[in-house]
1. Can you run down the residue pairs with Cβ atoms below 7 Å, 6 or more apart or on separate chains, where the first is in the stretch 334-351 and on the phi < 0 side of the Ramachandran plot and away from the ligand (no atom under 16 Å from the Cβ) and the partner is part of a loop (DSSP other than H, G, I, E, B) and open to solvent by less than 20 Å² (accessible area, probe 1.4 Å)?
2. Can you find, within the stretch 227-239, the residue that is least open to solvent (accessible area, probe 1.4 Å) among those that are more than 11 Å from the ligand (Cβ to nearest atom) and touching a Lys or Arg at 6+ places or on another chain (Cβ under 8 Å)?
3. Can you tell me which of ALA201, ALA252, ALA220 is closer than 28 Å to THR60 by Cβ and touching a helix residue (DSSP H, G or I) at 6+ places or on another chain (Cβ under 6 Å)?
4. Collect the residues in the stretch 150-171 that are more than 16 Å from the ligand (Cβ to nearest atom) and of a type in the set (S, T, N, Q), keeping them in residue-number order.
5. How about the stretch 286-373: which strands (runs of 3 or more DSSP E) wholly inside it have at least 1 residues that are surrounded by fewer than 22 Cβ atoms within 10 Å (Cβ to Cβ) and at pLDDT below 95?
6. Is it true that GLU275 is more than 21 Å from ARG159 (Cβ to Cβ), more than 19 Å from the chain's Cα centre (by Cα), within 11 Å of the ligand (Cβ to nearest atom) and among the charged types (D, E, K, R)?
7. Would the stretch 270-284 turn up any residue that is in a loop (DSSP other than H, G, I, E, B), touching a Ser or Thr at 6+ places or on another chain (Cβ under 6 Å), open to solvent by less than 10 Å² (accessible area, probe 1.4 Å) and modelled with pLDDT of 95 or more?
8. SER234 is checked against (1) of a type in the set (Ser, Thr, Tyr); (2) touching an Asp or Glu at 6+ places or on another chain (Cβ under 7 Å); (3) within 18 Å of LEU105 (Cβ to Cβ) and fails just one. What number does that condition carry?
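The values are calculated or read from the model by the stated rules, or taken from the named source; none is laboratory data. Predicted model, so just to flag it, every value in this text is computed and none were measured. When we count neighbours, we look across all protein chains shown, and the Cβ atoms used for this are built from the backbone with ideal geometry, even at glycine. Ligands, DNA and RNA are stripped out before the accessible areas are found, and what is left, the full protein with its side chains, is counted by its heavy atoms. Shrake-Rupley method; radii C 1.70, N 1.55, O 1.52, S 1.80 Å.
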Amino acid sequence: MTTTRSSPATSEAASTAVLQLDYLSSEEIASRSAAWWQNVLGVVGFEKLPPIDGSAVPITASMTPRLGANDAICEVWRVAGPGVQLSNGAAQHCRVRYRFCEDLLFGSITIDERLLETGGAARGDAAGVDAGALLRATEIAYQEIFDVLRETEHRHLIRIWNYLPEINREADGDERYRLFNSARQLAFRKSGQATVGTVPAACALGSPAGSPISIYFLAARQRPTMIENPRQTSAYYYPPKFGRHSPIFSRACVLHEAAGTNLFVSGTASIVGHETIHHGDVGAQTRETMVNIGALLDEVNRVVGSARYSLDGLKFKVYVRQPSDLGAIEGALSRSLPSSTSIVYLRADVCREDLLVEIEATGESDGRAAGVL
Ligand code: 3EB
């Protein structure tokens, strides 16, 4: 693969990069200086691509509409710190857009399944996209991501966000999420990646019919620490009743010695062990999810050897299956989080039909409080 870089990554920038996550309005983004933009790694819109020039920075969208607010906001990933230099990747024969500094890489890829040639007969209509097209699109996406990471030597995928249209719909007798899991696992294996243990934090949500598959990710040069939740079966060990091939993700990932945003909590739901609990009760599902995130934070703090992370230091994204549940979810969260907490609510299908809500989070520390890391 041939990669063009605007400038080579310099090694003296190592360990000075501070990752920052902000949720900004269009006006805030428009008012930022050229110097500020230089340090942007990537921008993610929600319901649609934000109207930003994508030639300098990867711009993508999860295609999940925002709930409970009308202003368009974006998720902005930036690095700060003296001497940090960013470069763009524009690999040929590859759909991944990416931008990186010495320590960290942001990338995104979108693929429209409907435009892929598959072995089966072309169906023509949007609703009839077949299993083969989804399997193939997922495999291509992951293979191209791993190719980029090998090329730039940001070998450690730390966090990956997966959005697929109609995640719960059946295609050729299997749920599309389960097909995605099969293709994801196959792609990990084919690229020589571990499929248990050192696997990225992740989420997988459904977007509206007709959306492209949209995947974005962060990768690091240094090996991160993956954390599992003592209350939950590791997803890569889920029993086969949840699909022939297990999902490949860790419950959380912590970046070593990094200041700034360095904790990534995967999409978390009302699952204890491997079973969904509180069927049909969105308030109870929300509370159980927060108990899960609390237990995970305790485990992160135990592993890093200091009480660095707490619920009120996190930024949240909350995926809501039924918009009419928004009030109940907000009510439940207001009891466990301070009112100043950053929470973005998004409308999305969750990857088990019985899950009504899924919550992900990111956390930061100043690095100086680091214990054993
Ligand atoms: C769960 O705990 C809920 O397939 O990448 C959460 C995070 C979930 C990531 C994924 C799925 C994924 O199983 C669903």
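1. ARG347/THR64
2. ILE227
3. None of the others qualify; the one that does is ALA252.
4. Passing the criteria: only THR152.
5. Answer list for the stretch 286-373: 357-365.
6. Working: more than 21 Å from ARG159 (Cβ to Cβ): yes; more than 19 Å from the chain's Cα centre (by Cα): yes; within 11 Å of the ligand (Cβ to nearest atom): yes; among the charged types (D, E, K, R): yes.
Judged against the criteria, GLU275 is a match.
7. yes
8. For SER234, the exception is condition (3).
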